[in-house]
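One structure is given below, encoded as structure tokens.
The values are calculated or read from the model by the stated rules, or taken from the named source; none is laboratory data. Keep in mind it's a predicted model, so treat the numbers as computed, not measured. In this analysis, Cβ positions are derived from the backbone assuming ideal geometry, glycine residues included, and neighbour counts consider all displayed protein chains. Ligands, DNA and RNA are excluded from the accessible area calculation, which covers all protein heavy atoms including side chains. Shrake-Rupley method; radii C 1.70, N 1.55, O 1.52, S 1.80 Å.
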Amino acid sequence: MAGYYEGLIILVGINIIAVIGVSILTGFTRLFSFGNGGFMAIGAYTGAILSTKLHTPLVVSILGGMLVAGFIAFLLGKITLGLKGDYFLIATLGFGESVRVIIENLQSVTGGARGYSGIPYKTDLLVILVSVAVAIFIAWNLLHSKMGRNFMAIREQEIAADAIGIDTAKYKNMAFVISAMFAAWAGVLFAHYFTFIVPVMFNMVKSTEMTITVVIGGLGSLTGSIVATTLLTLLPELARAAAEYRMLAYGLAVVLIITLRPSGLMGYKEFSARGIYYWLKDRFTRKAVHSSEEASS
Amino acid sequence: MTETILKITDLQKNFGGVVATRDFSLDIEKNKIVGLIGPNGAGKTTIFNIITGIYQPSGGSVEFMGNNIVGKKPYQIALAGIARTFQNIRLFTNLSVLDNVIIASHQDCNYSIFSEMTHLGSFKKTEKAVREHAMQLLEMVGLQDITNRIAGGLPYGHQRRLEIARALAIHPKLLLLDEPAAGMNADESEDLCNFIFDLHRKFDLTIFLIEHHMDVVVKLCDSITVLNFGQTICQGTPEQVIAEPCVIEAYLGEEE
Amino acid sequence: MIWQQIVNGISVGSIYALMATGYALIYSLLGFSNWAHGDIAMVGAYLGFFFVASLHLPWWAALILALLGAGLLSVISERVAYRKIRKNNSPTMFLMIAAMGLSVALQNFVLVTIGSKFKTYPQILPVKAIEIGGVYVGLLDLISFLGAVIVIIILYYLIERTKFGLAVKAAAANMQVASLLGINVDKYISLVFLLAGSLAGLSGVFLGMKYTVYPQLGNFALKAFIASVFGGLGSVPGAIVGALFIGLMEVFVAGYVSAGLRDLFTFTLLVAVLVIRPTGLFGKDIQDKA
Amino acid sequence: MLTINQLEASYGGIRALRGVSLRVEQGEIVAVLGSNGAGKSTLLKAISAVVKPTAGEILLEGVPTPRVPYRVVEAGIVHVPEGRQIIPNLTVYENLMIGCFLRNDHQQIQKDLEMVYHYFPRLEERKKQYGGLLSGGEQQMLALGRGLMAKPKIMMLDEPSLGLAPIIVNQIFEILTTINREQGATILIVEQNAYKALSIAHRGYMMTTGLVEAEGNAQELLERENLEEIYLGQAGGNRN
Amino acid sequence: ACAPKADEDVIKIGYVGALSGETAVWGQAGLNGMLLTAKEINEAGGILGKKVEVVGLDGRGDPTDSVNAFRRLVTEEKVLAVIGTNFSSCNIAMAPIADELKVPLIATAASNPKVTVDENGNLHPYSFRIGFIDPFQGQVLANLASNELGAKTAGVIYDIGSDYSTGLAQYFEEQFVKNGGTVVAKVEAHSGDNDFRSQLSVIAEAKPDVIMVPWIYKDVALIANQARELGITAPMLGGDGWDSPELITMAGPAIEGSFYTSQPSFANPVTKPYYDAYMAEYDNLVPETEALFGHDGLYWIKDALERAGEVSPEALRAALENTTQFDGLMGSMAVDPATHNPAKPASVYTFTNGERVWYGDFK
Ligand SMILES: Nc1ncnc2c1ncn2[C@@H]1O[C@H](COP(=O)(O)OP(=O)(O)OP(=O)(O)O)[C@@H](O)[C@H]1O
Ligand SMILES: Nc1ncnc2c1ncn2[C@@H]1O[C@H](COP(=O)(O)OP(=O)(O)OP(=O)(O)O)[C@@H](O)[C@H]1O
Ligand SMILES: CC(C)C[C@H](N)C(=O)O
Ligand SMILES: [Mg+2]
Ligand SMILES: [Mg+2]
């Protein structure tokens, strides 16, 4: 059974899958949402109920969770995606919190605020490795095809995207649904790892953490998001000895990164062996003169 | 054998109390270059915005190739074959020049969602074709050597060309250009004219353009419509229009 | 009882209002939601507590010092975190993310330095309430309600009627152009933060007196934030209406329906309002012209 | 009045100014011409301290100008930037009032406001509309009007005719001549429309890729045969 | 306190509790108590000749973090057993993990029945507890209300987000109704809401004789103050969540005349030496009851290991289960092998003249 480090890897893996969803939504489509914790909850509870009540295999539970979350995201997207910036954000935040409240109140089905226990332990190292690999494969491919490019067009200049015939409403909703499905996927895995879930596990803090992770990784870098997830999951865990200071350090790190490296760890770039080679070469051969001032327009 | 590609009838647009467009009608024939000029705030850009579905008109109709397009979404109108550029350039600023054009070729990426997820099947072949087509377009506008530059960092003139290349990637039948020569000097404007003529010929394009540089308008257009306070005050060939007293009074000024 | 509930609602609402105007102020001027606002209020609450309980200052001196302290903290946070982001021309959402980081950092800083113990203000005002025809009105509530009203009127005047308001709005929209017009952008933005911070400090002291002082006190501000969205981001009157509305609704739902469903009501209503009015009750939206 | 010596500036690796020298006398209109990317806007930005020069000096009445934009404005130099940089969420009226942010002479301000409305009646009609909702040309008028409201010692205009109807372009050049003649305003103007600019200027400078290629009396420059050639040399030759 | 060497001569015992967050006073007291007790045991020769080492990890009072901390203690620190937490919600989450990792877990103040027995009535073989359970606590409180205070009607305000609060409210109500009383108003709220006046107004309207407030002390203080502000004068009743010296400081006069049940506490004279040792060790820090749990937990493990004569989780588990008498500072206890619940008395306390006073013990 899962040792501590194995457990950490599993946790990192779960977070990676959820964060990939946020990366697609926020990094590539520039929609900031604080509702992904809610979708994770929907996935977790759907998966848990399927596994315990209907004794479905894990794959079925995952697909079930993703389907339900995707469907709800589709409906929610239809009504909220017309909102701009902070308004959309707060609407999704409201959704996420509403999910929590609904789960808390559906006591007979979900166990309410006290949680749902007795979920079979199924998320082991192998399951996680396969899941993460599949998730990255799919996300990478989607982002490097028509769909991903359309997302980026919306991110860069929505009016122009419309003008070249991209159905921006549809693609925004698609990004929203995909990110919800990734969140749900992570949620199902989470439920079958912890074997016990409570609604507060998926509260607003969870959602904001995911967004922060993506920003730190670089809005528009899938690999950046993955690296940031790994770092942000492991750092507080490894620094557990310094219990009290870890959240302080975490908060400060967020501020530092966003001010000192505004494009996140990776900006729009992806990690690659070639990229690292060029970066190193650049470092050692060129000393560029940088003007600190901005000139615009 | 003239065929009307765009038929605008009694178009009306109010913004609160401001009447931006008033009973505006215009027929544009296929394969023509038509100019729209008029004082600042006359409602020219508003007409473009209505044609492309960004604004809903308060009244009137717009028919494109026989179909009413009022009430259609901007993307539907673009898919129907109307492409445009913007008065304030709107590129995908942080993406490369090539990506700007490839994104606009999304209609040509007709692979399935499965193929998209796995990059198997027809994916590679389609992508290659799209890329090649984009390169062709960039070559046409003369940006073939800087395809990897970030669009936002290009000089103004290049940005305008890129915006046109991007517009062409959606295989338009009608191209709307909003002040393509703004910020260019006399010489650069002349280049632009030649370039627009080229496009017009190669793609069988109908072009509808707004411009304040009269030399450009006169050189390019088959016919010109002059707008003032949202209303047509005059219409005709360039020669006719620039000689018209009311145009001189409202728009051109005495001197030229 | 209905009157009692209305009084309860207004009292909760006026605390929300005091905070929500802080959000509205920063949003209307700088275009971002200052997520750390509540935590600055929390620090203000601690400062007030410290001055009253440890230094035994008179309450008015403590209040002023707490306001200044919170204002100063807010200015410093702008210097440290937000200014650089503005200079980088990053999207405004980055400001919000930085504010979130700041919020976590502030909470935990207090946690490691002061600890998680709850501090209770010495009873400057008796817990007693004024009874009017069977309805109990807390003395503290009365004072905070009046305070909120006064502060909000001053604010409204500042933003809408003075050169200061104009200058800051210009700076918010385009800092480079503002500086080309002779506006000392950094100075004005610091002033805004001083003001917003003091406002947070004031609400913090009220909150602290009412609900004790602890590191997570600032989380209370989420509802105030929602109220400001509800009323329309950046609109001071909107923030007030939104806050009172949410305060009243919460009280009625918790009292007559179910406390468990209270937030569900709030959020559903929020989404409903936004769907009908995408920029809140009083928000304005200047469309992007093509 | 304004003297610039051997000014250099760059963006990252791109050297936009490579040693530009220029001077503007009291009461003069000076035109700076040159093709796209020649560095004209950069020159103005360097003067208004938006861009940091890497070498050279900028002197106003013999004293180095401040290095912070708002102080440059306080010193009396106002920069009307390229591309209608108006404040979209302020009304037309508010945009104009922010133009005279540093002034306190209320009566004179009122007069100047009337003057601006007189020059651009369109702005008066739209005074309560948000700047962001104006048409492109109206925004350009607003930007100019805002510059006029500042009443600076030196006004720097970056392509004021961009996107304006020919009649307005003429009008703007007339306005500039008028304020120059009647109020003694000193103006440094950057323009694509070389003939127009030179027709109102006293002197002119011709820039190519970060250097001053030619300078002189406006009339002389206008008559110079190679005015066009300098442009052509720049605009990247392959003209069919 | 990280492990220097995975020595055969050391017995490692873990502690999970809220070392940070709102209730850190309790978690820190538990850990302090254990560290102090370990020192005492080691000075007296250790357990079966081996030294005891205590490893504490922060569970933040949060189920997820507590499970993480528990896993880490077992798989990394290789502890023999874990003591903690004081919250039912955390222990309900940790119990299946303890079974899975086969390491005994001894809850401290977590009092919900589901800490040791799952939903379906099956025992968690590796979960134990030192304190009493909520049905008992609720019963004591209801009887107190009916018999001692002569209450006929009661109002209840409970935290829907907490197993502990909902459970205790329910057990109280059951017994109170059995005693012939009526619950005239039952309202729910959420910890962290801070403002309970709308719910309290509903209770005020019903004019109950007593008000049941099964909350954590911080919320109790707010509820008490706000109730008084609304003119409610009925005495309030609560459980072990009230058990902190902080309550008097925070609630002041508002809490006068109210009652709560808790574990036998430092009020009991037998705890005096430990109390003094604690104050000496930790710079006059006044210990919370949780410190007693740390103390008794460690001694109970010592007792069980010595009975087993062998150091292994399995042996320890069996010995804990077969405890027939263990005398700690919190009284004597025997374990029911079917539920792993100890039979223990509860103490009732009240507040008079700004002081907490022991009112009596109830079986
Ligand atoms: N969204 C809007 N809300 C209110 N008024 C608007 C809006 N859009 C345009 N207007 C007004 O409508 C009129 C026409 O604007 P439009 O942009 O069509 O002018 P234009 O002919 O393109 O001018 P220019 O040559 O200066 O670009 C202007 O007076 C403008 O202020
Ligand atoms: N923000 C920037 N970042 C990088 N390079 C820049 C930037 N702004 C200008 N440049 C470069 O500096 C050079 C000079 O630009 P500048 O804008 O001063 O030219 P200009 O003469 O004003 O041209 P135009 O007539 O197009 O306005 C150009 O090569 C341009 O590409
Ligand atoms: C410390 C106590 C308030 C904990 C409570 N007995 C519970 O089970 O959660
Ligand atoms: Mg226009
Ligand atoms: Mg320029």
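The table below gives the values:
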read-out: Condition check for residue D:60: open to solvent by 10 Å² or more (accessible area, probe 1.4 Å) and either assigned by TED's automatic domain parsing to the domain that holds residue D:215 or touching a residue at least 40 places away in the same chain (Cβ under 8 Å) (or both); value: yes
read-out: Among the residues listed as A:63, A:75, the single one being more than 22 Å from residue A:227 (Cβ to Cβ), surrounded by fewer than 24 Cβ atoms within 10 Å (Cβ to Cβ) and within 14 Å of chain C (Cβ to nearest Cβ); value: A:75
read-out: Unique match (being more than 11 Å from chain C (Cβ to nearest Cβ), in contact with a strand residue (DSSP E or B) (Cβ under 6 Å, 6 or more places away or on another chain) and more than 19 Å from residue D:205 (Cβ to Cβ)) among D:42, D:54; value: D:54
read-out: Any hit, region B:87-100, residues being within 14 Å of chain D (Cβ to nearest Cβ) and in contact with a Ser or Thr (Cβ under 6 Å, 6 or more places away or on another chain); value: yes
read-out: Residue count, region B:176-213 (criterion: more than 16 Å from ligand 4 (Cβ to nearest atom) and open to solvent by 10 Å² or more (accessible area, probe 1.4 Å)); value: 15
read-out: Filter result (open to solvent by less than 10 Å² (accessible area, probe 1.4 Å) and under 16 Å from residue A:73 (Cα atoms)) within region A:183-201; value: A:183, A:184, A:186, A:187
read-out: Test: residue in region E:62-79 that is in contact (Cβ under 8 Å) with a residue 40 or more places away in the chain and over 23 Å from the mean Cα position of the chain (by Cα); value: yes
read-out: Residue among C:257, C:241 that alone is over 26 Å from residue A:205 (Cβ atoms), more than 10 Å from every other protein chain (Cβ to nearest Cβ) and crowded, with 19+ Cβ neighbours inside 10 Å; value: C:241
read-out: Unmet requirement for residue D:137, which otherwise passes all of (1) more than 13 Å from every other protein chain (Cβ to nearest Cβ); (2) touching a Leu at 6+ places or on another chain (Cβ under 6 Å); value: (1)
read-out: Any hit, region E:257-275, residues being open to solvent by less than 60 Å² (accessible area, probe 1.4 Å), at pLDDT below 95 and over 21 Å from the mean Cα position of the chain (by Cα); value: yes
read-out: Lone qualifier among C:176, C:216 - being within 14 Å of chain D (Cβ to nearest Cβ) and either at negative phi or surrounded by fewer than 24 Cβ atoms within 10 Å (Cβ to Cβ) (or both); value: C:176
read-out: Residue match in region B:123-136 (condition: assigned to a loop (DSSP other than H, G, I, E, B) and more than 16 Å from ligand 4 (Cβ to nearest atom)); value: no
read-out: Failed criterion for residue D:73 (all others in (1) within 16 Å of ligand 1 (Cβ to nearest atom); (2) within 7 Å of chain C (Cβ to nearest Cβ); (3) touching a Gly at 6+ places or on another chain (Cβ under 7 Å) hold); value: (1)
read-out: Sole exception among (1) under 28 Å from residue D:168 (Cβ atoms); (2) of a type outside the set (Gly, Ala, Ser); (3) within 20 Å of the chain's Cα centre (by Cα) for residue D:122, by number; value: (3)
read-out: Selected residue (only one of E:195, E:209 is at pLDDT 95 or above and in contact with a helix residue (DSSP H, G or I) (Cβ under 8 Å, 6 or more places away or on another chain)); value: E:209
read-out: Contacts under 7 angstrom Cβ, first residue in region E:192-221 being facing another protein chain (nearest Cβ under 7 Å) and away from ligand 1 (no atom under 16 Å from the Cβ), partner among the acidic types (Asp, Glu) and in a loop (DSSP other than H, G, I, E, B), 6 or more apart; value: E:218/E:22
read-out: Helices (runs of 4 or more DSSP H) lying entirely in region D:91-143 (those with 2 or more residues that are closer than 20 Å to residue D:174 by Cβ); value: D:106-119, D:121-125
read-out: Top-ranked residue in region C:244-254 [being touching a residue at least 24 places away in the same chain (Cβ under 8 Å) and of a type in the set (A, V, I, L, M); ranked as nearest to the other protein chains (Cβ to nearest Cβ)]; value: C:251
read-out: Residue ID - farthest from ligand 4 (Cβ to nearest atom), chosen from residues in region B:214-236 that are part of a loop (DSSP other than H, G, I, E, B) and open to solvent by less than 50 Å² (accessible area, probe 1.4 Å); value: B:221
read-out: Hits in region D:27-68 (condition: among the charged types (D, E, K, R), within 16 Å of ligand 2 (Cβ to nearest atom) and assigned to a loop (DSSP other than H, G, I, E, B)); value: D:52
read-out: Condition broken by residue A:58, with the remaining ones in (1) in contact with a His (Cβ under 7 Å, 6 or more places away or on another chain); (2) within 14 Å of chain C (Cβ to nearest Cβ) satisfied; value: (2)
read-out: Strands (runs of 3 or more DSSP E) contained entirely in region B:1-112, each with at least 1 residues that are open to solvent by 10 Å² or more (accessible area, probe 1.4 Å) and more than 16 Å from ligand 1 (Cβ to nearest atom); value: B:4-15, B:18-29, B:59-64
read-out: Test for residue D:165: is it facing chain B (nearest Cβ under 9 Å) and within 16 Å of ligand 1 (Cβ to nearest atom); value: yes
read-out: Filtered residues of region E:224-243 (kept if under 23 Å from residue E:358 (Cβ atoms) and more than 10 Å from chain C (Cβ to nearest Cβ)); value: E:234, E:235, E:236, E:237, E:238, E:239, E:240, E:241, E:242, E:243
read-out: Top-ranked residue of region C:69-83 - restricted to ones that are open to solvent by 40 Å² or more (accessible area, probe 1.4 Å) and within 18 Å of the chain's Cα centre (by Cα), ranked as farthest from residue A:256 (Cα to Cα); value: C:72
read-out: Region C:169-218, residues that are closer than 27 Å to residue D:45 by Cβ, outside any helix (DSSP H, G or I) and either touching a Leu at 6+ places or on another chain (Cβ under 6 Å) or among the aromatic types (Phe, Trp, Tyr) (or both); value: C:182
read-out: Residue C:229, sole failed condition from (1) in a helix (DSSP H, G or I); (2) within 22 Å of residue A:75 (Cβ to Cβ); (3) open to solvent by 30 Å² or more (accessible area, probe 1.4 Å); value: (3)
read-out: Number of positions in region D:7-30 that are open to solvent by 30 Å² or more (accessible area, probe 1.4 Å) and out of contact with any Leu (no Cβ under 8 Å at 6 or more places or on another chain); value: 6
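This table checks each residue for (1) in contact (Cβ under 8 Å) with a residue 60 or more places away in the chain; (2) of a type outside the set (Val, Ile, Thr); (3) more than 13 Å from chain B (Cβ to nearest Cβ).
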| site | (1), (2), (3) |
| --- | --- |
| A:171 | yes, yes, no |
| A:181 | yes, yes, no |
| A:191 | yes, yes, yes |
| A:209 | no, yes, yes |
